[in-house]
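First up is the structure itself, then whatever we jot down about it.
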Amino acid sequence: MNEYNRHPDSTLAHTLLMLVCGAAIGASVALLYAPKSGQDLRDQISDGANRAMDTADGWKDNAMTSVKDTIGRAADNLHDAVVPAKKS
């Protein structure tokens, strides 16, 4: 069994990441070829970069929360398994 069969979510996450990266690259190229003044283009790129950073920060916060919750559940499960074993 290969890694992708064991972790189907990793394939979806990888696909979504590549989709987002492709969209960002396409949007950047479209901005560079759009007829705008230099200042307007710089402002638009800056705004887009700020939005991307905000989105990435939100994803990071969600991932951190998810990891902390998973670690907490794993610690609780380990505790529940170890305490009865110590009593025996």
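The values are calculated or read from the model by the stated rules, or taken from the named source; none is laboratory data. Note that this is a predicted model, so its numbers are computed, not measured. Methodologically, a virtual Cβ is constructed for each residue, glycine included, from the backbone with ideal geometry; neighbour enumeration extends over all protein chains shown.
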request  = Could you tell me whether any residue of region 4-26 is under 26 Å from the mean Cα position of the chain (by Cα), among the aromatic types (Phe, Trp, Tyr) and modelled with pLDDT of 80 or more?
outcome  = no
request  = Please work out which residue is modelled with the highest pLDDT, limiting yourself to region 31-43 and to residues that are outside any helix (DSSP H, G or I) and surrounded by fewer than 10 Cβ atoms within 10 Å (Cβ to Cβ).
outcome  = SER37
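For (1) over 20 Å from ALA27 (Cα atoms); (2) part of a helix (DSSP H, G or I); (3) in contact with a Leu (Cβ under 9 Å, 6 or more places away or on another chain), each residue gets a yes or a no:
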| residue | (1), (2), (3) |
| --- | --- |
| ILE45 | no, yes, yes |
| GLY48 | no, yes, yes |
| ASP54 | no, yes, no |
| ASN62 | yes, yes, no |
| VAL67 | yes, yes, no |
| ARG73 | yes, yes, no |
| VAL82 | yes, yes, no |
key: Close pairs from region 52-64: first without any contact (Cβ under 8 Å) to a residue 40 or more places away in the chain, partner surrounded by 10 or more Cβ atoms within 10 Å (Cβ to Cβ), Cβ under 8 Å, at least 6 apart   = ALA52/ALA24
